[in-house]
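What follows is a set of notes on a single structure, which appears directly below.
The values are calculated or read from the model by the stated rules, or taken from the named source; none is laboratory data. As the structure is a prediction and not an experimental result, all values here were calculated from the model. Virtual Cβ from ideal backbone geometry, glycine too; neighbours counted across all protein chains shown.
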Amino acid sequence: MNIREMYELVKKIYAENEENYYYIGLRFENKNREIGEECEWSKSNVDREDERDFPEYGTPEYDEMESMGGTSAWNLSAMTDYYWPGFGRPPRDIDVSKDCTRYFLADHCYIIAGNRKAPEHQPWDDGEIVISDAVVIAKIF
């Protein structure tokens, strides 16, 4: 599946589920999950100079970080033909021979959903949503 096909699939799954959930997001991570699995709450990275400087999951440094009150994801309600959550602006000329997984650093991509949003007591990134009761509703890769 190429990147355009991936976002067409994401758009279809979003449309099929938007009446069942208030909040739907696209989440990239290395953990292998199953459909129906409840997601752990994300940790805040707000105090770090470089957001990529994030401790490894399961380490004492990671465990000491403040919880975000839900699972972080790219908000799919912001998706348009000109903006793909987690990717940005669609390129005009997509190399359809490339698999969509080559465009992302994470091993897996999921669509997560829930009916409760975490309170915004911390600044969230543009396009981010934090879902308090997030479950996996689809596995993209």
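When you look at Asn75, is it crowded, with 16+ Cβ neighbours inside 10 Å, at pLDDT below 85 and within 20 Å of Glu120 (Cα to Cα), yes or no? No, not satisfied.
The one condition from (1) modelled with pLDDT under 95; (2) more than 16 Å from the chain's Cα centre (by Cα); (3) under 17 Å from Ile140 (Cβ atoms) that Ala15 does not meet is (1). Residues that are part of a helix (DSSP H, G or I) and surrounded by 12 or more Cβ atoms within 10 Å (Cβ to Cβ) occur at least once in the range 45-62. Residues in the range 101-124 that are within 19 Å of Ser77 (Cβ to Cβ) and either of a type in the set (Lys, Arg) or in contact with an Asp or Glu (Cβ under 8 Å, 6 or more places away or on another chain) (or both): Tyr110, Gly114, Asn115, Arg116, Lys117. Is one or more of the residues making up the range 13-29 assigned to a helix (DSSP H, G or I), of a type outside the set (Val, Ile, Thr), surrounded by fewer than 12 Cβ atoms within 10 Å (Cβ to Cβ) and touching a helix residue (DSSP H, G or I) at 6+ places or on another chain (Cβ under 9 Å)? Checked the range 13-29: no residue is assigned to a helix (DSSP H, G or I), of a type outside the set (Val, Ile, Thr), surrounded by fewer than 12 Cβ atoms within 10 Å (Cβ to Cβ) and touching a helix residue (DSSP H, G or I) at 6+ places or on another chain (Cβ under 9 Å). Is it true that some residue in the range 77-92 is under 18 Å from Asn17 (Cα atoms), among the aliphatic types (A, V, I, L, M) and free of Cβ contacts under 8 Å to residues at least 60 places away in the same chain? Yes, there is a match, as at least one residue in the range 77-92 is under 18 Å from Asn17 (Cα atoms), among the aliphatic types (A, V, I, L, M) and free of Cβ contacts under 8 Å to residues at least 60 places away in the same chain.
Checking every residue in the range 103-117 against the condition of being exposed (fewer than 14 other Cβ atoms within 10 Å of the Cβ), free of Cβ contacts under 8 Å to residues at least 60 places away in the same chain and either among the aliphatic types (A, V, I, L, M) or closer than 18 Å to Leu9 by Cβ (or both) gives zero matches.
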